[in-house]
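Single-structure report; data block below.
The values are calculated or read from the model by the stated rules, or taken from the named source; none is laboratory data. Not measured: the values here are computed from a predicted model. Here the Cβ positions follow ideal geometry from the backbone for every residue, glycine too, while neighbour counts run over all protein chains shown. All accessible areas refer to the heavy atoms of the entire protein, side chains included, with ligands and DNA or RNA removed. Shrake-Rupley method; radii C 1.70, N 1.55, O 1.52, S 1.80 Å.
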Amino acid sequence: MVSIQTNLKRVHERIQRACAACDRDVSTVRLLAVSKTKPWELVRQAIEAGQRDFGENYLQDALLKIAASGEYRPIWHYIGAIQSNKTRDIAERFDWIHTVASEKIARRLNDQRPPDLPRLNALIQVNINDEAGKAGVTESALPTLIERMLPCQRIRLCGLMAIPEQTTDTARQRENFARLADLGRAMATRFGLVEFSELSMGMSDDLEAAIAEGATWVRIGTAIFGVRQ
Ligand SMILES: *Cc1c(COP(=O)(O)O)cnc(C)c1O
């Protein structure tokens, strides 16, 4: 069996090669290890191998791991679907959220973020290919959502996230990621946002294309923790 440490090393090598290929400094791309459905023991192994940021999709599962992580103090990112009744736990337990897609959820997170914690780092999820049934705001609804989030003092609105259509066509992958990057730049300019520079895009199968188009966070599950049931 391949170890988490070896898998992490391989992912870092892929990130390094992808950065070299497009002349990016490797420090501009951060690795989010997606540990959803995986036990705390594997998260612990990843932490011991130097990994700090972890992404979770299922709240109850995540809360158990967060409770177990105690003194290790990893940084937790929520990357799953958000229902209203989950916002309090997310606001209290997580450092980042990548999947904000409505004003209602944003306001709840803002109101529920404890005053003694730093602002919640938030990215807006965009349904970049306008796929039916897929989470995220449409491109056309994005400016209004940003506008409504500007007064949210407890949220640090810092960029965009997308899960594009599934395709093995690398040109098409790049086209989708490039659209998200363009959209991020356009919104930063339009609203004069100085901190709006994060792009959460790229997973185990397409991180190279995402890095080529400007990803600042790649969200990697399978390549680190193995296939999920
Ligand atoms: C599961 C998941 C990932 C990781 O996907 P892999 O293909 O296993 O790397 C990334 N982002 C989100 C939002 C996910 O739900």
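Things worth noting here:
Conditions (1) surrounded by fewer than 20 Cβ atoms within 10 Å (Cβ to Cβ); (2) touching a helix residue (DSSP H, G or I) at 6+ places or on another chain (Cβ under 9 Å), marked per residue:
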residue: ALA132; (1), (2): yes, no
residue: SER140; (1), (2): yes, no
residue: LEU150; (1), (2): yes, yes
residue: GLY159; (1), (2): no, yes
residue: ASP182; (1), (2): yes, no
residue: ARG190; (1), (2): yes, yes
residue: GLU195; (1), (2): yes, yes
residue: SER204; (1), (2): yes, yes
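- Residue among ILE15, ILE66, ILE75, ILE90 that alone is away from the ligand (no atom under 14 Å from the Cβ) and in contact with a Leu (Cβ under 7 Å, 6 or more places away or on another chain): ILE90
- First in the range 204-229 and farther than 23 Å from GLY184 by Cα and in contact (Cβ under 8 Å) with a residue 12 or more places away in the chain, second anywhere and part of a helix (DSSP H, G or I) and open to solvent by 30 Å² or more (accessible area, probe 1.4 Å), Cβ under 8 Å, 6 or more apart: ALA223/ARG10; ALA223/ARG14; PHE225/LEU42; ARG228/THR222
- Entirely in the range 1-83, the helices (runs of 4 or more DSSP H) that have 3 or more residues that are over 19 Å from the mean Cα position of the chain (by Cα) and among the polar types (S, T, N, Q): 4-21
- Those residues of the range 35-54 which are charged (D, E, K, R) and either at pLDDT below 95 or away from the ligand (no atom under 16 Å from the Cβ) (or both), in sequence order: GLU41, ARG44, GLU48, ARG52
- Inspection of the range 84-96 finds a residue satisfying the criterion of being closer than 17 Å to LEU32 by Cβ and open to solvent by 40 Å² or more (accessible area, probe 1.4 Å).
- The range 70-92 residues that are more than 14 Å from TYR58 (Cβ to Cβ), paired with ones that are crowded, with 17+ Cβ neighbours inside 10 Å and aromatic (Phe, Trp, Tyr) (beta carbon under 8 Å, 6 or more apart): PRO74/PHE54; ILE75/PHE54; ILE75/TRP96
- Of note, THR167 does not satisfy the criterion of being surrounded by fewer than 16 Cβ atoms within 10 Å (Cβ to Cβ), at pLDDT 95 or above and in contact with an Asp or Glu (Cβ under 8 Å, 6 or more places away or on another chain).
- Filter result (over 19 Å from LYS104 (Cβ atoms) and open to solvent by less than 90 Å² (accessible area, probe 1.4 Å)) within the range 116-130: LEU117, ASN121, ILE128, ASN129
- Filtered residues of the range 197-225 (kept if more than 9 Å from the ligand (Cβ to nearest atom) and farther than 19 Å from LEU183 by Cα): GLU208
- One residue from THR167, THR138 being out of contact with any Phe, Trp or Tyr (no Cβ under 6 Å at 6 or more places or on another chain), under 28 Å from ALA18 (Cβ atoms) and free of Cβ contacts under 8 Å to residues at least 24 places away in the same chain: THR167
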